[in-house]
1. How much of the accessible area of the chain, probe 1.4 Å, is carbon plus sulfur, in whole percent?
2. Testing the spin-label approximation: label points 7 Å from Cα along Cα→Cβ at HIS139 and PHE98. State their distance in nm.
3. Work out the charge dipole of the chain with +1 on the Cβ of Lys and Arg and -1 on the Cβ of Asp and Glu about the Cα centre, then indicate which of LEU206, PRO165, ALA73 is farthest towards its positive end.
4. Using the Karplus curve 6.51 cos²θ - 1.76 cosθ + 1.60 with θ = phi - 60°, work out ³J(HN,Hα) for each residue of the stretch 132-144 in order, rounded to whole Hz, and write x for Gly and Pro.
5. Under a 1.4 Å probe, what is the accessible area of the chain per residue, stated in Å²?
6. Order the following by accessible area, largest value first: TRP109, TRP189, TRP219. Probe radius 1.4 Å; ligands, DNA and RNA are ignored.
7. Mind checking which of MET184, ILE51, THR40 is farthest towards the positive end of the chain's charge dipole, using Cβ charges of +1 (Lys, Arg) and -1 (Asp, Glu) about the Cα centre?
8. Between helix 97-110 and the chain, what is the angle of the helix's C-alpha long axis to the longest principal axis, kept within 0 to 90° and rounded to the nearest 10?
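The values are calculated or read from the model by the stated rules, or taken from the named source; none is laboratory data. No experiment lies behind these values; they were computed from the predicted model shown. No Cβ is skipped: glycine too gets one built from the backbone with ideal geometry, and neighbour counts run over all protein chains shown. Calculation scope for accessible area: heavy atoms of the full protein, side chains included, ligands and nucleic acids excluded. Shrake-Rupley method; radii C 1.70, N 1.55, O 1.52, S 1.80 Å.
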Amino acid sequence: MTRGQTSGAPRPGGPCGLRERKKRRTREALLHTALRLFLTQGYDRTTVDEIVDAVNVSQRTFFRYFTNKEAVAFAVQEAVDARFLAELRQRPASEPPFEAMRRAALNAWSTRGESGGSDITVELQVRAYRMIESTPALHAAHTRRNVGLERQTAALIAEREGIDPETDPRARVAVAAFSGVMRMTGQLWGGRQDAGVDALRELTELHLDQLGPALSGSWRAA
């Protein structure tokens, strides 16, 4: 045993590392298989039994990673939302709120795959988004989840600006405007053939840059 090494410490590539890699592979297999089944035969017609049979695992294993079928459908979007919130928390305090949200959204895609989300590919994001948009039950759930994300974002903005979101509406207003543009951008991106990261960044920057002029500028041609 070398100096500083304890007998109980896991070795690189040891049992703990192998277990974590196996768990990650199982989760990715469940996620990819579920999305494939949702897209080929429909979300409503796909059962948890079919997903676990295709991956050759038990229902117990499935529920170890996902609480229900809806959780699988939104797994990609939840990872993207979590990355955005993490980026927003790290933005410099000197940035105005709207710029902080803008940078957080763009950086969340630039750092894709660096936070353990190796299974969150652009293709998977596009497929999941299109499925959610085309499935009434999921579209309604998506709206509810967006409301929750907006509340979390507004709370973060209020905290970094030192205001009370219950008495000062500026955080909620800024987040509502930002979220509206992001939803529109997502819809445009999901419908494009070149739905890659560069296309998403281009659309996001274009429409966020137009928010200020659209709200405060004159639209009349000279």
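1. 52 percent
2. Calculated label separation equals 3.0 nm.
3. Towards the positive end, the residue furthest out is ALA73.
4. 4, 5, 9, 10, x, 5, 6, 4, 5, 5, 4, 4, 5
5. Per residue, the chain has an accessible area of 59 Å².
6. So, going from the largest accessible area down, we get TRP219, TRP109, TRP189.
7. The listed residue farthest towards the positive side: ILE51.
8. For helix 97-110, the angle is close to 40 degrees.
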